[in-house]
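Following: one structure in structure tokens, then a few remarks.
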Amino acid sequence: MPARLPSWAWTTGLTVGAIAAVTVLAVQADKGPHPTASSAKPSAPVSAQPTPTASAPARVPDGSGTGRRIVYSLGEKRVWMVDASEATRRTFTVWPGTVSPDPGTYTISSRNAATTGSDGVQIEHIMYFAAQDGVSVAFSNAVDGSSPPPAASGGKTGGVRMKKADGTALWAFGTVGTTVAVVR
């Protein structure tokens, strides 16, 4: 009658066998062909609409100044938080109101933790930086986390709305006196 091995020996043998098999497969994979980058880019369907962050520009717009600042691009509907070393700390899309400031350099003049926007939406992280046509222009986000543009309802609105997480980050970055560069 053959000798019976203890259960730990079977387990050890199976483990050693599995490790050996994985090692052989890894060596074979390393010696096999490797895919290379292709210069052809996949094309998106014509009907596809990009998400707000899908086409995020990597570079801060030219003509936005230097140093620690917030950059707001009217055309791209995007904000960059730039630190003193010229590194972009965060960039995100925004939903502007019906009134936009002229391109130029502004500073955050005051901040308000929370209030009701002129469109009736509860907002927070309000940072005022410009006035245009008698309307205050400020960054903010909706308290409930919704991110639609400020409702016009026939009136003029100067709110530049953003997602809640972006509003929280901008609030921490943009103290009174922080430069806001508005570009086209």
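The values are calculated or read from the model by the stated rules, or taken from the named source; none is laboratory data. In this text, all values refer to a predicted model and were calculated from it rather than measured experimentally. Backbone-built Cβ (ideal geometry, glycine too); neighbour counts: all protein chains shown. Accessible surface areas use protein heavy atoms only, side chains included; no ligands, DNA or RNA. Shrake-Rupley method; radii C 1.70, N 1.55, O 1.52, S 1.80 Å.
The table below lists the values:
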read-out: Filter result for the condition that a residue is among the aliphatic types (A, V, I, L, M) and open to solvent by 30 Å² or more (accessible area, probe 1.4 Å), over Ala138, Ala142, Ala131; value: Ala131
read-out: Single condition Leu74 does not satisfy, out of (1) at pLDDT 95 or above; (2) in contact with a helix residue (DSSP H, G or I) (Cβ under 9 Å, 6 or more places away or on another chain); value: (2)
read-out: Members of the stretch 119-131 found to be closer than 22 Å to Val176 by Cβ and more than 24 Å from the chain's Cα centre (by Cα), listed by number; value: Ala131
read-out: Any hit, the stretch 152-172, residues being of a type in the set (Gly, Ala, Ser), assigned to a strand (DSSP E or B) and either modelled with pLDDT of 95 or more or open to solvent by 30 Å² or more (accessible area, probe 1.4 Å) (or both); value: no
read-out: Of all residues making up the stretch 99-124, the number that are more than 24 Å from Asp62 (Cα to Cα) and not hydrophobic (A, V, I, L, M, F, W, C); value: 12
read-out: Criterion violated by His125 - all others in (1) in contact with a strand residue (DSSP E or B) (Cβ under 7 Å, 6 or more places away or on another chain); (2) at negative phi satisfied; value: (2)
read-out: Residue within the stretch 80-95 that is part of a strand (DSSP E or B), modelled with pLDDT under 95 and open to solvent by 30 Å² or more (accessible area, probe 1.4 Å) present; value: yes
read-out: Tabulated pairs, the stretch 159-180, first in contact (Cβ under 8 Å) with a residue 24 or more places away in the chain and among the charged types (D, E, K, R), second assigned to a helix (DSSP H, G or I) and crowded, with 18+ Cβ neighbours inside 10 Å, C-beta under 9 angstrom, 6+ apart or interchain; value: Arg161/Gly167
read-out: From the options Gly75, Gly67, residue that is open to solvent by less than 40 Å² (accessible area, probe 1.4 Å) and not in a strand (DSSP E or B); value: Gly67
read-out: Total residues in the stretch 97-108, condition open to solvent by 30 Å² or more (accessible area, probe 1.4 Å) and outside any loop (DSSP other than H, G, I, E, B); value: 3
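Residues are listed down the side, and each one gets a yes or a no for (1) closer than 14 Å to Val160 by Cα; (2) polar (S, T, N, Q); (3) part of a loop (DSSP other than H, G, I, E, B); (4) at pLDDT 95 or above:
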residue: Ala20; (1), (2), (3), (4): no, no, no, no
residue: Val27; (1), (2), (3), (4): no, no, no, no
residue: Asp30; (1), (2), (3), (4): no, no, no, no
residue: Pro45; (1), (2), (3), (4): no, no, yes, no
residue: Ala114; (1), (2), (3), (4): no, no, no, yes
